[in-house]
Amino acid sequence: MADTAGGDDSMIDGLPPRPDRETGEPFPPHGLSYFRGEETAAEHDVHRESRLSYRPDPPPGSGPVLAWHRESRRGKMAVALTSAIILIAGTLVISLFHQAGFGILAAWPIWLIIAVAVFLISSPFSYLTYAAGADWLMVERTRWGVKSRAWIDLYELTKIDAAYGGTTFHLWLYDKDMGLTRSSEELQRDRRIWDLVYNGILHSVAGGAQVSAQAIGILQLAKTPALKIRDSGDLDR
């Protein structure tokens, strides 16, 4: 990851400034293509972990965590309960067209299938944490107590792609070392994470990152100066 602090030496004329890697100031404005509506404050969101002991450490040699999101145990329980209700309701509907009728619920394999499906959907022993600093994005997975993590430099992106999938869109971000792919639903669970990611995307596009036509449309990049700056080759850093 580049050892470059934000400030006047990292300005691109016409774009929001790059925040200082230590203080996070000035914090980026709201990024476009945010689809989650009003955000619930962390302390009032029962599906979100708010205890600071769960806040992840930043990547080695990077600035501090400015925003993070991790699903809470209550959130996991809510997912499990909702999944069970939907699966049971679906089974009841199917039973209406089955010769055994509601008697199908007396068959233990049905409940085993439902239990396994709920377990797979809720992943009770696997947690994903999303975190962002002034110039980095990290995804940390904790599974059975074992942590693995991956991160990218938001201001040194080389390739950006996006595609719609269901009710959300998926984003592929690559820097010179590696890439991350996450859905907008995941990256927008905390709006501050999305604002930091979007500002990095803008600066990377202006700096010449390869960006697909679909990503330009989904991320509404044509509404920003980034493409014009890239195409003109006029970077005022």
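The values are calculated or read from the model by the stated rules, or taken from the named source; none is laboratory data. Because the structure is predicted, anything quoted here is derived from the model rather than measured. Cβ sites come from the backbone with ideal geometry, for glycine too, and all protein chains shown count toward neighbours. Note: areas computed on protein heavy atoms with side chains; ligands, DNA, RNA excluded. Shrake-Rupley method; radii C 1.70, N 1.55, O 1.52, S 1.80 Å.
Contact order for the chain, expressed relative to its length and based on alpha carbon pairs under 8 Å spaced 6+ residues apart, stands at 23 percent.
Considering only the other residues whose Cβ falls under 13 Å of the Cβ of residue 128, what net charge follows from Lys and Arg at +1 and Asp and Glu at -1? Result for the local shell: +3. The helix-based estimate of mean residue ellipticity at 222 nm for the chain, built from -39,500 (n - 2.57) per DSSP H run of four or more residues and divided by its residue count, is -9500 deg cm²/dmol to the nearest 500.
The ellipsoid equivalent to the alpha-carbon distribution of region 64-155 has semi-axes of 40, 12, 10 angstrom, derived from the gyration tensor eigenvalues as √(5λ) and listed largest first. The relative contact order of region 135-237 comes to 24 percent, based on Cα pairs under 8 Å that sit 6 or more residues apart.
When the accessible area of the chain is split by element with a 1.4 Å probe, what percent falls to carbon and sulfur?
On the chain, the fraction of accessible area on carbon and sulfur atoms equals 58 percent.
Using only the C-alpha atoms, the convex hull of the chain corresponds to 150 Å³ per residue.
Placing unit charges on the Cβ atoms of the charged side chains and taking the dipole of the chain about its Cα centre, the candidate lying farthest along the positive direction among 125, 178, 225 is 125.
Accessible surface for the chain, divided over its residues, is 54 Å² per residue with a 1.4 Å probe. Restricting the chymotrypsin sites (Phe, Trp or Tyr not before Pro) of region 63-161 to loop positions (DSSP other than H, G, I, E, B) with no more than 12 neighbouring Cβ atoms within 10 Å leaves 97, 125, 144.
Dipole check for the chain: with +1 at the C-beta of Lys and Arg, -1 at the C-beta of Asp and Glu, and the Cα centre as origin, the magnitude is about 1080 Debye.
Only lysine pairs 8 or more places apart or on separate chains count here, and in the chain those with Cα atoms under 29 Å apart total 8.
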